[in-house]
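Reviewing the structure listed below.
The values are calculated or read from the model by the stated rules, or taken from the named source; none is laboratory data. In this text, all values refer to a predicted model and were calculated from it rather than measured experimentally. Because the Cβ atoms are built from the backbone with ideal geometry, glycine has one as well, and the counts that use them run over all protein chains shown.
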Amino acid sequence: MSWESIGSVNTGQLPNDEEWIEFCQKLAIQYIKLVCGEPPSGATLGIMLHDHDLGTYTSIGVYCEYSMPYDYVSSCENALDVFDSAISWEELKDLYEEQFSQADEDNEDDEID
């Protein structure tokens, strides 16, 4: 199966922010599908894993069983660029972390009762 990377979101640092980066990439994939539609038959839009001398990192890519749908790939790249530049990742991350810390506090309160 061949694949074509379309890019990544510009937020977080590995390895500390792995969960955050995955959340953001899944969010970006939903936006890309909204704008570009579902991938053509035989293709999948998803998170790709890359091994590097300094560790492993992820990006968003299109996997395809047959010939790569380059028009779709190009549209996805454009949609990701627009989405990534339009999002205030720092503000979004602050809210994300706040929600998780609040959920942890609520769970601790439930255990005490």
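Do we have residue 12 as within 15 Å of the chain's Cα centre (by Cα), in a loop (DSSP other than H, G, I, E, B) and of a type outside the set (A, V, I, L, M, F, W, C) here? Spelling it out, residue 12 is indeed within 15 Å of the chain's Cα centre (by Cα), in a loop (DSSP other than H, G, I, E, B) and of a type outside the set (A, V, I, L, M, F, W, C).
Can you name the residue in segment 38-69 that is more than 23 Å from residue 23 (Cβ to Cβ) and without any contact (Cβ under 8 Å) to a residue 24 or more places away in the chain and is also farthest from the chain's Cα centre (by Cα) among such residues? If we take residues in segment 38-69 being more than 23 Å from residue 23 (Cβ to Cβ) and without any contact (Cβ under 8 Å) to a residue 24 or more places away in the chain, then 67 is farthest from the chain's Cα centre (by Cα).
Contact map, segment 11-33: residues that are surrounded by fewer than 18 Cβ atoms within 10 Å (Cβ to Cβ) paired with residues that are among the hydroxyl-bearing types (Ser, Thr, Tyr) and modelled with pLDDT under 95, Cβ distance under 9 Å, separation 6+ or inter-chain. Pairs shown: 14/56; 14/57; 14/58; 15/56; 17/11; 18/58; 22/58; 23/96. If the condition is being closer than 20 Å to residue 82 by Cβ and in a loop (DSSP other than H, G, I, E, B), then segment 34-60 contributes 37, 38, 39.
If residue 18 satisfies all but one of (1) acidic (Asp, Glu); (2) in contact with a helix residue (DSSP H, G or I) (Cβ under 7 Å, 6 or more places away or on another chain); (3) closer than 27 Å to residue 100 by Cα, what's the number of the condition it fails? It fails just one condition, (2). Residue 55 satisfies every condition listed in (1) surrounded by fewer than 10 Cβ atoms within 10 Å (Cβ to Cβ); (2) at pLDDT 95 or above; (3) of a type outside the set (A, V, I, L, M, F, W, C) except (2). Just so you know, in segment 70-113 the residues that are of a type in the set (A, V, I, L, M, F, W, C) and over 24 Å from residue 20 (Cα atoms) include one that is modelled with the highest pLDDT, and it is 73.
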